[in-house]
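Since the structure comes first, as structure tokens, the remarks are kept for the end.
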Amino acid sequence: MARVKIDLPDKRLCEIPLNIRITDLNYGNHVGNDAVVSILHEARVQLLNLGGFTELSVGGCGLIMADLTVEYIRELFYGDKLIISIACGEISRIGFELFYEIKAMRDDMTFTAAKAKTGMVCYDYLEKRVARVPDDFITFLQEKT
């Protein structure tokens, strides 16, 4: 079976520190795939906050996740300290790509636990239609890259 492989851009927007919570664990006593998606969400919200944005307001419109791909590499456990680095990929008229690398620190060792990509689309929630990526938000993404 062919596995998903995510190639990360070299330039990163930021690094977000997070800790694994007990609620992130599944019945296998490791972090569940649903928790990884929540970790990515938290990191993305923190990135947006760095620019004074939210998922509901990136300069006149909100964001919707159009797609998500995760490459799981190693297990994560309670107590692991994470660094999620985020990079911007392609920016189109109505959306953009964000890439994530989840690194974990455990027992004086650092390793990549997962990589991910989200396709984000700008959306006007009042008009119920896709919207153009605001210029100020493009500037934020490009200044960081």
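Structure notes:
- Per the listing V45, V36, the residue uniquely more than 14 Å from L13 (Cβ to Cβ) and β-branched (V, I, T) is V36.
- Given (1) of a type in the set (F, W, Y); (2) in contact with a helix residue (DSSP H, G or I) (Cβ under 9 Å, 6 or more places away or on another chain); (3) without any contact (Cβ under 8 Å) to a residue 60 or more places away in the chain, index of the condition Y27 fails: (2)
- Residue in the stretch 69-77 that is free of Cβ contacts under 8 Å to residues at least 60 places away in the same chain and buried (at least 20 other Cβ atoms within 10 Å of the Cβ) present: yes
- Elements of the type strands (runs of 3 or more DSSP E) sitting completely within the stretch 1-96 and holding at least 2 residues that are of a type in the set (D, E, K, R): these cover 62-72, 81-91.
- Top-ranked residue of the stretch 41-63 - restricted to ones that are touching a helix residue (DSSP H, G or I) at 6+ places or on another chain (Cβ under 6 Å) and not β-branched (V, I, T), ranked as modelled with the lowest pLDDT: G59
- Qualifying residue in the stretch 127-140 (condition: surrounded by 12 or more Cβ atoms within 10 Å (Cβ to Cβ), assigned to a strand (DSSP E or B) and either at negative phi or not basic (K, R) (or both)): yes
- Within the stretch 56-67, at least one residue is over 20 Å from T118 (Cβ atoms) and either in contact (Cβ under 8 Å) with a residue 40 or more places away in the chain or surrounded by 13 or more Cβ atoms within 10 Å (Cβ to Cβ) (or both).
The values are calculated or read from the model by the stated rules, or taken from the named source; none is laboratory data. A quick note: this is a predicted structure, and the numbers were derived from the prediction, not measured. Ideal geometry is used to build each Cβ from the backbone, glycine not excepted, and the neighbour counts take in all protein chains shown.
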